[in-house]
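Step one of this worksheet: look at the structure below.
The values are calculated or read from the model by the stated rules, or taken from the named source; none is laboratory data. Everything quoted here is computed from the prediction, not taken from an experiment. Backbone-built Cβ (ideal geometry, glycine too); neighbour counts: all protein chains shown. Note: areas computed on protein heavy atoms with side chains; ligands, DNA, RNA excluded. Shrake-Rupley method; radii C 1.70, N 1.55, O 1.52, S 1.80 Å.
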Amino acid sequence: MTLRVLTGITTTGTLHLGNYVGAVRRAIAASREPGAESFFFMADYHALIKCDEPARIEASRLQIAATWLAAGLDTSRVVFYRQSDIPEIPELTWLLTCVTSKGQMNRAHAYKASVDANVAAGEDPDAGITMGLYSYPILMAADILMFNAHRVPVGKDQAQHIEMARDVAQRFNHTFKEELFVLPEASIDEEMELLPGLDGRKMSKSYDNVIPLFEGGAKALREAISKIVTDSRLPGEPKETEGSHLVQIYDAFATPAQRQEFRAALHAGLSWGEAKDRLHALIDAEIGPMRQRYDALMANPEKIEAILMEGAAKARAIAAPLLARAREAVGLRRFQPLAAPVATTAKVKSTVPAFKQYRENDGLFYFKLLAADGTLLLQSTGLSQGKEAGQWVARLKREGAAALAEAPVSKAAADEVVMPALEALVAAEIEAAAQKG
Ligand code: TRP
């Protein structure tokens with residue numbers, strides 16, 4: 001199977017120059033290399049988790065689609081689609097949800113950060129947290145597993161989600177005894193997100209230091225560049241290029257020869273104002289033609305729509321058969337005469353004895369252990385607390401015969417029957433714990 005590379009981008013907001021350098025440009029270049037099959041999609045279901053303003057959702061997915069196309073994504077070579085056009089993804093999400101342990105979701109960074117913020121603010125830990133945020137990693141796992149992607153290029157902050165997708169895939173494969181899903185691997189790009197912003201910190205909307213990509217047109221680009229913070233050396237004074245974020249931004253668009261030339265000019269006293277003009281010319285040479293394509297696409301959304309519908313058709317042609325196999329694996333099958341395996345599972349289960357807890361008219365709490373055929377094996381004495389009965393049951397399940405001497409129970413059957421039953425109980429408990437992971 002050819003190497004499958006897949007990545008998604010959450011459609012909230014618009015893309016800035018840092019996203020272009022860190023993600024878009026790279027992904028497009030990678031998709032042109034022979035040998036890999038690339039999937040790019042707009043994670044618009046993920047966007048709903050962060051945003052409940054329909055107009056922003058609508059605008060963002062259109063703008064981001066137009067950005068990718070304008071930047072040169074070759075849709076004849078890659079599968080380019082909107083997550084929400086693939087109904088197989090939410091369906092797979094549910095199948096995966098059913099094998100995902102809640103404890104693992106509790107440990108997801110995004111959810112934990114929200115809980116921590118609530119706790120720090122003295123709020124209820126789950127205040128304002130939706131099930132969408134909580135289940136976010138499962139939807140993301142479905143995005144990836146749906147296409148059996150091998151490699152997922154993401155920023156560092158997403159690495160945990162890829163680990164979770166691996167775990168979920170593994171658990172599904174193991175539970176249903178079929179190697180249905182490829183275990184994906186993150187490819188973490190250290191350089192990703194490294195483009196500095198106007199003030200030298202990482203370029204990010206949350207720092208309000210971004211250089212827009214297409215938003216606001218040529219004018220906005222020029223204005224943003226004029227606001228790049230520099231030191232106060234005067235024209236004619238030699239400039240320090242090491243550590244200058246203006247130079248770093250320049251480098252992201254320059255050839256090695258251009259980089260050298262720019263440094264030499266700055267060392268020779270080029271003014272920061274002129275340096276910004278050169279930077280602007282350099283960036284605009286690359287993205288100016290894209291901006292024109294962008295504007296043309298934004299004026300003709302139906303063209304983008306058509307491209308995306310084609311992408312969705314390609315994606316669904318891959319997703320549908322895999323989903324069909326997943327449904328089959330879990331037992332959501334066309335009706336047919338039942339096969340033998342059902343009986344076998346029942347038999348395996350039936351060898352495990354079971355506890356029953358109850359309360360008598362005397363007000364006390366009791367428990368008893370019954371063999372699968374209903375034979376009484378152990379009978380407890382009356383306990384004043386229900387919790388105490390529960391604790392003994394838990395301990396007997398864990399320790400089996402080892403807990404017998406201390407437990408408030410009497411044997412109701414011969415050792416030859418009770419002892420193997422307790423062993424089976426402990427074995428079942430270990431098995432259940434292993435499945436929970
Ligand atoms: N969660 C990712 C982000 O915010 C976007 C995303 C959604 C994604 N589904 C994905 C990335 C699947 C890679 C693969 O950056």
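In the range 17-49, what residues are without any contact (Cβ under 8 Å) to a residue 60 or more places away in the chain and open to solvent by 50 Å² or more (accessible area, probe 1.4 Å)?
Scanning the range 17-49 gives ARG25, ALA29, ARG32, GLU33, PRO34, GLY35, GLU37.
Confirm whether ALA186 is hydrophobic (A, V, I, L, M, F, W, C), open to solvent by less than 60 Å² (accessible area, probe 1.4 Å) and over 28 Å from MET140 (Cβ atoms).
No.
In the range 283-328, how many are in contact with a Leu (Cβ under 7 Å, 6 or more places away or on another chain) and closer than 19 Å to ASP143 by Cβ?
Summing the residues that are in contact with a Leu (Cβ under 7 Å, 6 or more places away or on another chain) and closer than 19 Å to ASP143 by Cβ in the range 283-328 gives 3.
Could you identify the single residue in THR100, THR93, THR67 that is surrounded by 14 or more Cβ atoms within 10 Å (Cβ to Cβ) and either of a type in the set (D, E, K, R) or not in a helix (DSSP H, G or I) (or both)?
Of the residues listed, the single one that is surrounded by 14 or more Cβ atoms within 10 Å (Cβ to Cβ) and either of a type in the set (D, E, K, R) or not in a helix (DSSP H, G or I) (or both) is THR100.
Which one is nearest to the ligand (Cβ to nearest atom) among residues in the range 158-167 that are over 22 Å from SER31 (Cβ atoms) and not hydrophobic (A, V, I, L, M, F, W, C)?
My answer is GLN160.
Would you pick out the residues in the range 70-90 that are among the hydrophobic types (A, V, I, L, M, F, W, C) and either open to solvent by 20 Å² or more (accessible area, probe 1.4 Å) or assigned to a loop (DSSP other than H, G, I, E, B) (or both)?
If the condition is that a residue be among the hydrophobic types (A, V, I, L, M, F, W, C) and either open to solvent by 20 Å² or more (accessible area, probe 1.4 Å) or assigned to a loop (DSSP other than H, G, I, E, B) (or both), then ALA71, LEU73, ILE86 are the ones that fit.
Scan the range 131-157 residue by residue and report those that are open to solvent by less than 70 Å² (accessible area, probe 1.4 Å), away from the ligand (no atom under 11 Å from the Cβ) and over 14 Å from the mean Cα position of the chain (by Cα).
Correct list: ASN148, HIS150.
Given the criterion touching a helix residue (DSSP H, G or I) at 6+ places or on another chain (Cβ under 6 Å) and part of a loop (DSSP other than H, G, I, E, B), identify the matching residue among ALA149, ALA127, ALA169, ALA141.
The unique qualifying residue is ALA127.
If GLY128 passes every condition in (1) exposed (fewer than 14 other Cβ atoms within 10 Å of the Cβ); (2) of a type outside the set (D, E, K, R); (3) under 30 Å from ALA27 (Cα atoms) but one, which one does it miss?
Checking GLY128 against (1) exposed (fewer than 14 other Cβ atoms within 10 Å of the Cβ); (2) of a type outside the set (D, E, K, R); (3) under 30 Å from ALA27 (Cα atoms), the one that fails is (3).
Being without any contact (Cβ under 8 Å) to a residue 40 or more places away in the chain, surrounded by fewer than 17 Cβ atoms within 10 Å (Cβ to Cβ) and within 16 Å of the ligand (Cβ to nearest atom) narrows it down to one residue among SER232, SER206; which is it?
It is SER206.
Restricting attention to helices (runs of 4 or more DSSP H) lying wholly within the range 199-282, give those where 3 or more residues are under 34 Å from the mean Cα position of the chain (by Cα).
Counting at least 3 such residues, we get 217-226, 245-251.
Checking SER410 against (1) outside any helix (DSSP H, G or I); (2) touching a Pro at 6+ places or on another chain (Cβ under 7 Å), only one condition comes out false. Which one?
Going through the list (1) outside any helix (DSSP H, G or I); (2) touching a Pro at 6+ places or on another chain (Cβ under 7 Å), SER410 breaks only (2).
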